[in-house]
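Presented below is the structure to which this report refers.
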Amino acid sequence: IETKVREEVLYREALLMGLDNDDVIVRRRLAQKMDFLAEDLAGLREPSGDELRTYFKLHSKDFANPSRTSFHHLYCSFDERQQRAHGDAVAALAKVAAQPKDLTHIGDPFMFQDRYTDRTPDQTAAVFGGPFAQALFQVKPGAWSGPIESAFGWHLVFVDELTPGRLPEFEEVEPEVKAAWTREQRAELKRQAYDVMRAKYQVVLPTDKSSAAVAPAAGRF
């Protein structure tokens, strides 16, 4: 009980001293609580099946299963080979085509992995860059291909498996569709609640180097 009393006493004394004024942490916390309050009062309703199906059709790309690939690669480094990197990669492709089981001494050590499994285009791009990922997913599985350029150098790639992307049926992703619909509706209702609050105030831009002031529409403070 005494701990609670102490907290209440200190809180009230802090308010009397105006310690809540011009405190950026307090301001942000109160703004956050108002944001939460607007969300709590939003009163989201349950969407109908037709609404969810319509939402799914309009946002189908958000629910598509991306393509996935498993591959390994040989690498000719820009740092190690400079201007020779591309030519060396082309020559290496001829070697692996002639002797696909003997890859000894072909290529340079790669700082990450030599083999990647079940990777999406975004996951591949995060390591090798977007252009590399785009080119990789055009490669037919089962043979060495390349060279393909990344930020690190030139790569010969062997695609072990490629699974094309697909759009699932609505029933497969209905829970995800409902969650996305709910997030969008919540964001819209919060925006509307803020617009109502915002309309009560007039923003007064500073005429000097002081910060901008915000005043009620009916007056200033």
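The values are calculated or read from the model by the stated rules, or taken from the named source; none is laboratory data. Since the model is a prediction, treat every value here as computed from it, not as a measurement. We place every Cβ from the backbone using ideal geometry, glycine too, and count neighbours over all the protein chains shown. Note: accessible area is taken over every heavy atom of the protein model, side chains too, but ligands, DNA and RNA are not part of it. Shrake-Rupley method; radii C 1.70, N 1.55, O 1.52, S 1.80 Å.
Mind checking the per residue accessible area of the chain for me, 1.4 Å probe, whole number of Å²?
Values: 15890 Å² over 221 residues.
Normalised by residue count, the accessible surface of the chain is 72 Å².
Counting only pairs 8 or more places apart or on different chains, how many lysine pairs in the chain have C-alpha atoms closer than 23 Å?
Final tally of qualifying lysine pairs is 9.
Take the chain, connect every pair of alpha-carbon atoms lying under 10 Å apart with a spring to form a Gaussian network, then pick out the residue of 199, 151, 135 with the largest mean-square fluctuation.
Of 199, 151, 135, the most mobile in the Gaussian network model is 199.
Could you work out Rg/(2.2 N^0.38 Å) for the range 159-207, with Rg from alpha carbons only? Please list the in-between numbers first.
Numbers: Rg = 21.4 Å, N = 49, 2.2 N^0.38 = 9.7 Å.
Dividing the Cα radius of gyration by 2.2 N^0.38 Å gives 2.22.
Pop out the carbon and sulfur fraction of the accessible area of the range 148-191 as a percent, whole number, probe 1.4 Å. The partial results should precede the final answer.
Values: 1310 of 2480 Å².
Within the range 148-191, the accessible surface is 53 percent carbon and sulfur.
Please report the spacing between the Cα centers of the range 76-91 and the range 2-57 in Å, no decimals.
If we compute the Cα centre of each part, the gap is 58 Å.
Loop sites only, by DSSP: take the trypsin sites (Lys or Arg not before Pro) in the chain that have at most 11 other C-beta atoms within 10 Å and name the longest stretch containing none of them. Walk me through the intermediate numbers first.
Working: sites that count: 45, 101, 200, 209, 220.
That would be 102-199.
At 4 °C and 1.567 mPa s, what whole-number value in µm²/s does Stokes-Einstein give for the translational diffusion of the range 1-86, with Rh from the Kirkwood sum over Cα pairs?
Values: Rh = 20.8 Å.
Once the numbers are plugged in, D ends up at 62 µm²/s.
For the range 87-179, list log₁₀ I(q)/I(0) at each q in 0.11 Å⁻¹, using the Debye formula over Cα point scatterers of equal strength and ignoring solvent, two decimals each.
Log-scaled intensity ratios, in q order: -0.41.
Carbon and sulfur atoms: what percent of the 1.4 Å accessible area of the range 17-63 do they account for?
Working: 2080 of 3940 Å².
Carbon plus sulfur share of accessible area: 53 percent.
Before rounding to the nearest 500, sum -39500 (n - 2.57) across all DSSP H runs of length at least 4 in the chain and divide by the residue total; then give [θ] at 222 nm in deg cm²/dmol.
Numbers: 8 runs with 104 residues, N = 221.
It lands at -15000 deg cm²/dmol.
What dipole magnitude, in Debye to the nearest 20, does the chain give about its Cα centre under +1 on Lys/Arg Cβ and -1 on Asp/Glu Cβ?
Details: 29 positive and 34 negative charges, 105 e Å.
The dipole of the chain has a size of about 500 debye.
If you work out volume of the Cα convex hull per residue in Å³ from the coordinates, which of (1) 130; (2) 122; (3) 306 do you get?
(3)
Over all directions, what mean area does the Cα convex hull of the range 61-140 project, stated in square nanometres?
Working: hull surface 25.1 nm².
Seen from a random direction, the Cα hull of the range 61-140 projects 6.3 nm² on average.
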